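Q: Before I ask anything, here is the structure I am working with.
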Amino acid sequence: MSDSAPDYKVGPGKPPLHSRFRKGRSGNPHGHKARNLPALLVDALNEAVYLTVQGKRRRMTKREAVIAQLVDKSASADLRATKMLIDMMKDIERKAGVAAPPEPHRFAPADEQVIKGVVERIRGALLQEIQDMNAGNPALAMILLPPEYPDQGVSKATLPADGAV
């Protein structure tokens, strides 16, 4: 049976002679397109999806949808999502060369004196209020309030030595 014979019938498994693969040539001359994982990931993240956002149908990429969902979960107090988001932000800032936020400045010595005075007044008022409340209750009157520690300006309520309240 000759391929050039007029009795050759085209049909299933018998393509026309002009469209057959030529001898010595591959059926796929450019070969399989080699793809690596990063390229596959980028293509998958750039695919479009349709989402309903605030009652409106919206077209966005999967990348945008993932970030939006991560931010939403982080805002709803999901600690894992918050950690991931903060890590991503730090990584982006590091790659972009953005400087970290500056450390808060310390107070000047005059400011620290003012703050210390305010804290002492508030502490004194609270201790006085506690003593006034304890004066009317015999069970609480046993709690002794020691004088303030001179080096720290802190006072602590202590229990009697026998541990009774």
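Q: Give segment 81-104 a look and list any residue that's over 23 Å from V49 (Cβ atoms) and surrounded by 14 or more Cβ atoms within 10 Å (Cβ to Cβ), or say none.
A: Answer for segment 81-104, where residues must be over 23 Å from V49 (Cβ atoms) and surrounded by 14 or more Cβ atoms within 10 Å (Cβ to Cβ): just T82.
Q: Moving on. Does segment 23-39 contain any residue that is surrounded by 11 or more Cβ atoms within 10 Å (Cβ to Cβ), outside any loop (DSSP other than H, G, I, E, B) and not aromatic (F, W, Y)?
A: First, pick out the residues of segment 23-39 that are surrounded by 11 or more Cβ atoms within 10 Å (Cβ to Cβ): 39.
In the following step, the residues that additionally are outside any loop (DSSP other than H, G, I, E, B) were identified as 39.
The next check asks that each one be not aromatic (F, W, Y); those that pass are 39.
The answer is yes, given that some residue of segment 23-39 is surrounded by 11 or more Cβ atoms within 10 Å (Cβ to Cβ), outside any loop (DSSP other than H, G, I, E, B) and not aromatic (F, W, Y).
Q: Cβ-Cβ below 7 Å, separation at least six or inter-chain, first residue in segment 79-96 and part of a helix (DSSP H, G or I), second not β-branched (V, I, T): which pairs?
A: Partner pairs satisfying both residue conditions: A81/L70; A81/K73; A81/S74; T82/S74; M84/L70; L85/L70; L85/S74.
Q: Mind checking which residues of segment 64-80 are touching a helix residue (DSSP H, G or I) at 6+ places or on another chain (Cβ under 9 Å), loosely packed, with under 14 Cβ neighbours inside 10 Å and not β-branched (V, I, T)?
A: Hits for segment 64-80 are Q69, D72, A75, R80.
Q: Return the residue satisfying two criteria in turn: it lies in segment 40-63 and is surrounded by 10 or more Cβ atoms within 10 Å (Cβ to Cβ) and small (G, A, S), and of such residues it is nearest to I86 (Cα to Cα).
A: Taking the candidates together, the pick is A44.
The numbers here are math on the coordinates, done by the rules we state, and not lab data. These numbers were taken from a predicted model, which means no experiment stands behind them. Virtual Cβ from ideal backbone geometry, glycine too; neighbours counted across all protein chains shown.
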